[in-house]
Amino acid sequence: MSRRAFIAGASALAAAPLGAARALGQVPASGQVDVVIVGAGAAGISAARKIAAAGRSYALIEASKRVGGRAFTDTSLFGVPFDRGAHWLHAPDNNPLAELGQQAGFDLYAAPEGARLYIKGREASQNDYEDFVSAVRRGERAIGAAGDAGRDLAASRVLPDLGIWGPSAAFVAGPFSCAKDLDQVSSVDFSRSEERGEDLFCRQGYGALVAKMADGLSVRFETNATSVDMGGRQVQVSTNKGTLSGRAVILAVPPSLLLAGKIRVNPGLPLRYRSAVERITLGAYDHIAFELPGNPLRLSPDETVHVKADGPRTFALIARMGGSDLHMLDVGGKFAQELANGPADSGAAFLKEALTREFGADIAARVGKVHQTRWTKEPLALGAFSCALPGSGNLRRAFTEVVNGRLMFAGEHAHETLWGTVNGAWLSGERAATQALRVLGVTGAASISQ
């Protein structure tokens, strides 16, 4: 659920998988293509589909053994679909993946409107709901107003005094929405985040839907790009399995990998793009997934529950996902990073603490299997999703530009208003592919459908 959906609640594309005839890029591990695409997450898949639809060759390389990136559905852990990363399908009316998923046979259904609010084991009173909603609204309006006025400050600096609901409102606006505490959030980036409206869930898992979109594409797995050399007539991408050459390259990987030096660009990126890599950073957002049989909290499927927070050690609960016994505590920001840095049972320990505090020890005692994600520790992500640091909201635009006439960025970080979303990543892949096709001299590139 987006923060705005909580408040409000209190380009069609062909869906058929690409066939073998359109799945170009059937090239040797070391060879030459029109476009090299690094990363087979949502952005890389989208880019490859468009390049293939234009009849041009591509090499789509992926360092892991699967597609989807931070959209990944795991069915082995709990025996039901568990989205380890992205879970909400935002803004379905303007999200290409909603129509693509429905046409591909996925069961998409509306997320419950609004959210419930609990205070130490009891549902909040009407006055409590109104005070909470008012606090969140006031906080978000203050941050948005500063950003709209061009005051690129830490969001925490413009947050008004929200009284006893301050910590809860700060969690909704910061860690829950931006994967960062508000002192690490640019007011400009926050203000540009597009209204996401209602949400959908995918019964088979959002990651499964994204992975289906790669059907028919040629993906070279376990092919780890280490450098991109733009010094010659062709772009050279060095990997653990050889070197690929192309007339253009799309980097559909998180900027965290560039910042960590896992992929080097030679010669170095111009200052504007280096600054974007350094300042549009990924935050921490994790799921503590757990089985809670028998619905002892008496919650409806897929409900979101907020609690009155006393400080940063707080969470949002997503209950009975898809009608199953699987629940999630979602944590974000510095506290999520603290848990990720902790011992293997840190998530389970906090789960027990939180459920005992908010719902009672008898509820905590009923918990079955527990699994904690740690996206900041995933070597091919190094974070959950992006949010600009204070003073850097305008730098995100750099990721939408063409570098030196042949390098493009794609990913959720490369969308100015839909950052932090899978549909933002998908649309950025389309945009990057259009730019690459223009580099190749393809006329009418923007109108080519996947």
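The numbers here are math on the coordinates, done by the rules we state, and not lab data. Predicted model only: the values in this text are computed from it and were never measured. All Cβ positions, even for glycine, are placed from backbone atoms using ideal geometry, and neighbour counts span all protein chains on display.
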Here, GluC sites (Glu not before Pro) of segment 356-450 satisfying both criteria (DSSP loop; at most 14 other Cβ within 10 Å) are GLU401
Which of the lysines could a cross-linker span from LYS180 if the Cα-Cα distance has to be under 18 Å and same-chain partners fewer than 8 positions apart are dropped?
LYS334, LYS377
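If you take the Cα atoms of the chain, find Rg, then find the Kirkwood Rh from the mean of 1/r over all pairs, what is Rg/Rh?
Answer for the chain: 0.97.
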Toward the positive end of the charge dipole of the chain, about the Cα centre and with charges on Cβ (Lys, Arg +1; Asp, Glu -1), which of LEU60, GLY268, GLY294 goes farthest?
GLY268
Restricted to Cα positions, what overall size does segment 96-184 have along the principal axes? Three whole-Å values, descending.
48, 40, 18
Spelling it out for THR314: with amide H atoms placed in the peptide plane at 1.01 Å from N, the residues 5 or more places away or on another chain with amide H under 5 Å from its amide H are none
Evaluate the charge dipole of the chain about its Cα centre and quote only its size in Debye, nearest 20, assuming +1 on the Cβ of each Lys and Arg and -1 on the Cβ of each Asp and Glu.
1360
Using Cβ counts within 10 Å as a stand-in for footprinting exposure, how do ASP189, ASP152, ASP345, ASP181 rank, fewest first?
ASP345, ASP152, ASP181, ASP189
Exposure proxy ranking, count of Cβ atoms within 10 Å, fewest first, for ILE280, ILE45
ILE280, ILE45
Partnerless Cys - the chain, beta-carbon criterion under 4.7 Å
CYS202
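Let me check against my output: what whole-number percent is the relative contact order of segment 335-450, with C-alpha pairs under 8 Å and at least 6 apart?
14
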Using the C-alpha atoms of segment 198-347, what convex hull volume per residue, in cubic angstrom, is computed?
198
